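What follows is a short report on a single structure.
The values are calculated or read from the model by the stated rules, or taken from the named source; none is laboratory data. Keep in mind that what you see is a predicted model, and the values were worked out from it rather than measured. Please note: Cβ atoms are built from the backbone with ideal geometry, for glycine as well, and neighbour counts cover all protein chains shown.
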Amino acid sequence: MKTSKTVTAEGLAAAERFLHLNARVLERRRFQMHFRGGGAAALVAALRPYENADGGYGNALEPDLRGDASQPVPAQHALEILHEAGHDDDPAVGRLCDHLTTITAADGGVPFVLPTVRQGPHAPWWQTPDDPPGSLVPTATLAGQLHRAGSAHPWLPRATAFCWEGIDALTEVSPYVAYAILAFLDHVPERARAEAAFERLRGPLLDGVTLDPRASGEVHQPLDYAASPDGFARRLFDDDVIEEHLDALVDAQDEDGGWHVNFLIWTPITGHEWRGVITVERLRTLRAYGRFS
């Protein structure tokens, strides 16, 4: 019987050293909370400097957006960190929802990126018209996260309706749209409708997946979709596919203790920051699937 590969104590220590040498305080606090018994309060405190007076988040919380201004995608990062810390009821969630209300487009969705992106350095793919429409990325992720948190904020019903309308119209699904709609379908209260939408979109969801566990370049693999065994995404893949990719993920830990990203690094600091983020995420995935010694 084949023995599954695992993260050893030495591998975890190497990852910790990598984070100390390269990562932001935020990822170090995430690691400490998840793997060393650190407190949630320290993680929440590390998130606070990224929050703006308008209730939104900027200040390079999303590493490829180096400017100060609040943007929609960093908002989903903030909600995820607050959830990890057990702070779904943190006052910052209400402030963020109030902010989302002010940036929602006429169609009910939040734009992918706001024109204020031009005020600071940013990766070249962060482009927007002057009056951007709502987008499933990141509206669907934000709505799913807020449903998971049990939010009753008035922003959420209209955003949910926007997401359903967009999902019902989909015939093709790119990887980043897939991540967003899966986050929405996992947590939206209308469970029968979510199940039906998932079944209808099974084929399109798989179109963007690369099944070769050692493929290079900017690819999207099964564990990018199903980062934990919970949720719809895990149902897209057979057990043997997941096990093969978990073995490859253990092997992908670099000699320096960290994991690499497979997308463009356009300025040096983002390489360190993204590797810190992905190292914590890869460790969380491997533990979620029982791949710790």
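Need the failing condition index for Asp254 against (1) surrounded by 13 or more Cβ atoms within 10 Å (Cβ to Cβ); (2) under 20 Å from Pro63 (Cα atoms), just the number.
Here Asp254 meets the rest and fails (2).
Condition (residue is farther than 24 Å from Glu80 by Cα and not in a loop (DSSP other than H, G, I, E, B)) applied to segment 264-276: is it met by at least one residue?
The answer is yes; a qualifying residue exists.
Pairs needed: first member in segment 1-28, closer than 28 Å to Tyr50 by Cα; second member anywhere, exposed (fewer than 12 other Cβ atoms within 10 Å of the Cβ) and modelled with pLDDT under 95; C-beta distance under 9 Å; at least 6 residues apart or different chains.
Close Cβ pairs satisfying both conditions: Leu12/Ser293.
Considering every residue within segment 176-185, establish whether at least one is among the hydroxyl-bearing types (Ser, Thr, Tyr) and either touching a Phe, Trp or Tyr at 6+ places or on another chain (Cβ under 7 Å) or part of a helix (DSSP H, G or I) (or both).
yes
Which of (1) surrounded by fewer than 13 Cβ atoms within 10 Å (Cβ to Cβ); (2) out of contact with any helix residue (DSSP H, G or I) (no Cβ under 6 Å at 6 or more places or on another chain) does Glu190 not meet, given it meets every other one?
Evaluating Glu190 over (1) surrounded by fewer than 13 Cβ atoms within 10 Å (Cβ to Cβ); (2) out of contact with any helix residue (DSSP H, G or I) (no Cβ under 6 Å at 6 or more places or on another chain) leaves (1) as the failure.
Here's a check for you: in segment 1-18, which residue that is closer than 22 Å to Tyr289 by Cα and among the hydrophobic types (A, V, I, L, M, F, W, C) is farthest from the chain's Cα centre (by Cα)?
My answer is Met1.
Does Leu264 satisfy the condition of being of a type in the set (A, V, I, L, M) and surrounded by 13 or more Cβ atoms within 10 Å (Cβ to Cβ)?
Judged against the criteria, Leu264 is not a match.
For (1) part of a loop (DSSP other than H, G, I, E, B); (2) without any contact (Cβ under 8 Å) to a residue 40 or more places away in the chain, each residue gets a yes or a no:
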site	(1), (2)
Arg193	no, yes
Thr210	yes, yes
Glu218	yes, no
Leu223	no, no
Ala248	no, yes
Gly257	yes, no
